[in-house]
Amino acid sequence: MAQEKAVEAGKNHKRAISATLTLLDEMLCEFEEYAQGRERHGALYHERNSLSDKQRRGIQSEVAAMRRTIRELKEALRLTGRRDEAAQHIWGRASAFWEVLVETQSRYLRRYGELAPGLKECLDPRIEVLIAHLQTLVDLSRHPASAPGAPPIPSPGGKSNGSGKS
């Protein structure tokens, strides 16, 4: 496409457009990784990448075409992108996930019905261990550029002990 003259847009419009296109570009990064063969494997989570060569090439082509359009809009509207730090990403995801783990404790699972004998004794101590490890990930990812003064994850009881450890 030929060089276009920059278009004036209000700050709020630019912010909304930039946020949407940045999220789209982030999603395209993930699709591109799949087209390059990405598979992730954990203890319970497994990805299977069964994309054919034809599918991979097609995805790469579509991603490239979409990125050209995003670049055109970036230039035409003078949009700014976002740079994510890995540490900030880890901090944010781990900080947000503690509540999900807390809600997996036996006292919260009772809302789904009576607990099987021994479930509380099996589950709760291990969930506490996972929460402690999650807090350690938060602590490890914290540095001045990622989350200055970031609060620790609250303990399952809802109160932080102030040390950053639950």
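The values are calculated or read from the model by the stated rules, or taken from the named source; none is laboratory data. This one's a predicted model, so the numbers in the text were calculated from it and none came from an experiment. A quick note on method: Cβ atoms are made from the backbone with ideal geometry, for glycine too, and the neighbour counts reach across all protein chains shown.
Odds and ends about this structure:
- Qualifying position, being touching a residue at least 24 places away in the same chain (Cβ under 8 Å) and either surrounded by 13 or more Cβ atoms within 10 Å (Cβ to Cβ) or among the hydrophobic types (A, V, I, L, M, F, W, C) (or both), among GLU72, GLU103, GLU33: GLU72
- Elements of type helices (runs of 4 or more DSSP H) in segment 1-110, at least 1 residues being under 30 Å from GLU128 (Cβ atoms) and of a type outside the set (Val, Ile, Thr): 86-102, 106-109
- Condition met for LEU51 (in contact with a Leu (Cβ under 7 Å, 6 or more places away or on another chain) and at pLDDT 95 or above): no
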